[in-house]
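Participant: Please find one structure pasted underneath; my questions will follow.
The values are calculated or read from the model by the stated rules, or taken from the named source; none is laboratory data. The model shown is predicted, which means the values in this text are computed figures rather than measured ones. Don't worry about glycine lacking a Cβ; one is built from the backbone with ideal geometry, like all the others, and counts go over all protein chains shown. Note: accessible area is taken over every heavy atom of the protein model, side chains too, but ligands, DNA and RNA are not part of it. Shrake-Rupley method; radii C 1.70, N 1.55, O 1.52, S 1.80 Å.
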Amino acid sequence: MNYIKNIWITRYFWINLALSDIRSKWRRSFFGVLWTIIQPLGMTILLSVVFSKIFNTDATSYAPYILSGMIVWEFITQALMSGSMSFIQADAYIKQYKTPLAIYTLRAILTNLITLLLASISLITWALITNPQNFNYSWFAAFLIYPILLLISWPLSTILAYLTARFRDIPYALTLALQAVWFISPVYIQDTVFRSSGLNSLIDYNPIYHLLEIVRAPILRGSFPTIENFTYCIIVIGIFFLTAFLCGRQLERKVIFYL
Amino acid sequence: MINQILLDSVNLHYLSAAFKERSIKALIGRVFDINSTKERVQDIHALKNISLRIDPGERVGLLGSNGAGKSTFLKMIAGLYPTSSGSRIVNGTIRALFDLSLGFEPDASGRENILYRGLLLGLSPKEIKNLEEEIITFTDIGEFIDYPLKTYSAGMQVRLAFAISTAVHGDILLLDEVIGVGDLQFLEKAKARISKIVERSEILILASHDLTALSSICSRGIVLDHGNLVFDSNIDEAINFYKNRNITV
């Protein structure tokens, strides 16, 4: 409890650092923060042209599917990568001030969450222009993706950060692991493609699928995400928080020795 | 609650795992090197069975050669290093000045860094706004305050760090060899400022090799040697003890 209280006490610190990360990331670039919108849009146009040829589908309906997968997946990889390095990056702070270590992963997550927030503008605009008939109350549910992603990626990247402090191999292994997960998840490739190949279990038991459905069901189809989608997310959140808690009890105090 | 430090048989080990080679290269090396007589790296026993009590109003000087455990002792008090056994009770807000030039955001301006450092010290943005002008005046780096920190010289960084860290008041003040920073002019200012915050804080622990500074600021002296607390009395006796010990060794 004290731990959570201290995270709250230091809130100005990590919020401001996250904002400064955003500022310094786009400093001295002409389009600046607009890149968070331009980049996924450009990639989407590219991919939807190619993929629609490969899978023989209509490019305009496929594009928002790719775009939604891309911005969420981009968040996950970036958040986990920068999160896992966040203790090492903050070593100067950690060596001088006693604060809950989770604020440094929170800083990384927050930075990426703001980026995601901006990137979602591109998806929302796209969906409104191409499929305006989908716009209804279910869109409120889509916004739950932000708190859900925060609650998933924060404990997970904290676990990774503990481990990275000890074993510097983690970021390399993580890149590989994320690639693997990407391949077996319906991020760009439509879930129907998986299903038609008899790979139903890769969809039904895949938390990534359920996570993406929270955005895709409302934005792409105008329907509410299912209870099952939310249940999967909540279970994942629970598991990660519990693991992070157990890791933290063992490692929180020892991290300083490894920096 | 009174501000107080109570230590009861505190031990502290640095984990050898942190600096032992952990790469696969080292692993293979070990396999082929079974009969090696090379000593294996052990956990470092940095503080050995330390018990003491510091009451409100005490000014403690910390003496000891390099590697005696002074910095470790201060960082343990600050709660940065976990103790491996014994009990450590520290009542009061701690203000510590350790490695001053560390912990800046290189791309942010001096002004922004004042904000971040202050926030880390637990201030609110509003309180920092009030302190900002005073800090900038003290650092005396002029228009550089709005330049990114990576353009600063080492001396300017230390000045800024010093000014921020000393602008905030705390009950327990821990100082580790911070007096010898900056140019001569700044040194005078820094000394004046330190004595001011020393007056304001309830408890002071100062680690230094500057014996005159120690005897003028502190009332009590503690001598550490290889992680042991070997002497604890008033400051002048402690300085004598430390001097004699160094002569005999």
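Participant: Part of a helix (DSSP H, G or I), farther than 19 Å from A:Ser157 by Cα and either within 14 Å of another protein chain (Cβ to nearest Cβ) or open to solvent by less than 30 Å² (accessible area, probe 1.4 Å) (or both) - does that describe any residue in the range A:219-229?
Facilitator: Applying the first criterion (part of a helix (DSSP H, G or I)) to the range A:219-229 yields A:219-221, A:227-229.
Restricting the remaining residues to those that are farther than 19 Å from A:Ser157 by Cα gives A:219-221, A:227-229.
Narrowing the set further to residues that are either within 14 Å of another protein chain (Cβ to nearest Cβ) or open to solvent by less than 30 Å² (accessible area, probe 1.4 Å) (or both) leaves A:219, A:229.
The answer is yes, given that some residue of the range A:219-229 is part of a helix (DSSP H, G or I), farther than 19 Å from A:Ser157 by Cα and either within 14 Å of another protein chain (Cβ to nearest Cβ) or open to solvent by less than 30 Å² (accessible area, probe 1.4 Å) (or both).
Residue-wise test of (1) more than 30 Å from B:Lys75 (Cβ to Cβ); (2) open to solvent by 10 Å² or more (accessible area, probe 1.4 Å); (3) in contact (Cβ under 8 Å) with a residue 40 or more places away in the chain.
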position	(1), (2), (3)
A:Lys5	no, yes, no
A:Arg23	yes, yes, no
A:Leu34	yes, yes, no
A:Gly42	yes, yes, no
A:Ile45	yes, yes, no
A:Val49	yes, yes, no
A:Ile54	yes, yes, no
A:Leu67	yes, no, yes
A:Trp73	yes, yes, yes
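Participant: For the range B:96-117, how many residues meet the condition of being open to solvent by less than 40 Å² (accessible area, probe 1.4 Å) and either more than 9 Å from every other protein chain (Cβ to nearest Cβ) or within 25 Å of B:Lys70 (Cα to Cα) (or both)? Lay out the reasoning, then the answer.
Facilitator: Of the residues in the range B:96-117, the ones open to solvent by less than 40 Å² (accessible area, probe 1.4 Å) are B:96-98, B:100, B:103-105, B:108-110, B:113-114, B:116-117.
So of that shortlist, the ones also either more than 9 Å from every other protein chain (Cβ to nearest Cβ) or within 25 Å of B:Lys70 (Cα to Cα) (or both) come out as B:96-98, B:100, B:103-104, B:109-110, B:113-114, B:117.
So the count comes out to 11.
Participant: A further question follows. Among the residues that make up the range B:133-153, is at least one of them more than 22 Å from the chain's Cα centre (by Cα), more than 23 Å from A:Leu19 (Cβ to Cβ), away from chain A (no Cβ under 13 Å) and buried (at least 18 other Cβ atoms within 10 Å of the Cβ)?
Facilitator: Yes, that holds for at least one residue.
Participant: Among (1) on the phi > 0 side of the Ramachandran plot; (2) modelled with pLDDT under 85, where does B:Gly79 come up short?
Facilitator: (2)
Participant: Report, by residue number, each residue of the range A:234-258 that is among the aromatic types (Phe, Trp, Tyr), under 13 Å from A:Leu156 (Cβ atoms) and either within 12 Å of chain B (Cβ to nearest Cβ) or touching a Pro at 6+ places or on another chain (Cβ under 6 Å) (or both). Before the answer, list the steps.
Facilitator: Of the range A:234-258, the ones among the aromatic types (Phe, Trp, Tyr) are A:240-241, A:245, A:257-258.
Narrowing the set further to residues that are under 13 Å from A:Leu156 (Cβ atoms) leaves A:240-241, A:245.
Of everything in the range A:234-258, those that are among the aromatic types (Phe, Trp, Tyr), under 13 Å from A:Leu156 (Cβ atoms) and either within 12 Å of chain B (Cβ to nearest Cβ) or touching a Pro at 6+ places or on another chain (Cβ under 6 Å) (or both) turn out to be A:Phe240, A:Phe241.
Participant: Taking the criterion of being modelled with pLDDT of 90 or more, in a helix (DSSP H, G or I) and more than 18 Å from A:Cys233 (Cβ to Cβ), would at least one residue in the range A:89-102 satisfy it?
Facilitator: Initially, the range A:89-102 is screened for residues modelled with pLDDT of 90 or more, giving A:100-102.
Those left that are additionally in a helix (DSSP H, G or I): A:102.
Retained after the next criterion (residues that are more than 18 Å from A:Cys233 (Cβ to Cβ)): A:102.
Taking every residue of the range A:89-102 in turn, at least one turns out to be modelled with pLDDT of 90 or more, in a helix (DSSP H, G or I) and more than 18 Å from A:Cys233 (Cβ to Cβ).
Participant: Could you say which residue among A:Ile94, A:Ile148 is out of contact with any Ser or Thr (no Cβ under 9 Å at 6 or more places or on another chain), of a type in the set (A, V, I, L, M), open to solvent by less than 40 Å² (accessible area, probe 1.4 Å) and within 14 Å of another protein chain (Cβ to nearest Cβ)?
Facilitator: Of A:Ile94, A:Ile148, the one residue that is out of contact with any Ser or Thr (no Cβ under 9 Å at 6 or more places or on another chain), of a type in the set (A, V, I, L, M), open to solvent by less than 40 Å² (accessible area, probe 1.4 Å) and within 14 Å of another protein chain (Cβ to nearest Cβ) is A:Ile94.
Participant: Follow-up. With the requirement that a residue be within 14 Å of chain B (Cβ to nearest Cβ) and either hydroxyl-bearing (Ser, Thr, Tyr) or not in a helix (DSSP H, G or I) (or both), what does the range A:1-45 give you?
Facilitator: A:Tyr3, A:Thr10, A:Tyr12, A:Ser20, A:Ser24, A:Arg27, A:Arg28, A:Ser29
To keep it simple, each residue is scored yes or no on (1) surrounded by fewer than 20 Cβ atoms within 10 Å (Cβ to Cβ); (2) of a type in the set (Lys, Arg).
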| site | (1), (2) |
| --- | --- |
| B:Leu187 | yes, no |
| B:Ala192 | yes, no |
| B:Ile203 | no, no |
| B:Thr212 | yes, no |
| B:Gly221 | no, no |
| B:Ser233 | yes, no |
| B:Asp236 | yes, no |
| B:Lys243 | yes, yes |
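Residues checked against (1) more than 22 Å from B:Ala46 (Cα to Cα); (2) in contact (Cβ under 8 Å) with a residue 12 or more places away in the chain:
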residue	(1), (2)
B:Glu58	yes, yes
B:Lys75	no, yes
B:Ser84	no, yes
B:Pro106	yes, yes
B:Asn113	yes, yes
B:Leu119	yes, no
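Participant: For the condition more than 30 Å from A:Asn131 (Cβ to Cβ) and surrounded by 14 or more Cβ atoms within 10 Å (Cβ to Cβ), what is the one hit in A:Ala63, A:Ala59, A:Ala102, A:Ala79?
Facilitator: Values: A:Ala63 fails: more than 30 Å from A:Asn131 (Cβ to Cβ); A:Ala59 fails: more than 30 Å from A:Asn131 (Cβ to Cβ); A:Ala79 fails: more than 30 Å from A:Asn131 (Cβ to Cβ).
The conditions single out A:Ala102.
Participant: Just a yes or no: is a residue in the range B:79-95 within 11 Å of chain A (Cβ to nearest Cβ), open to solvent by less than 20 Å² (accessible area, probe 1.4 Å) and over 23 Å from A:Phe13 (Cα atoms)?
Facilitator: yes
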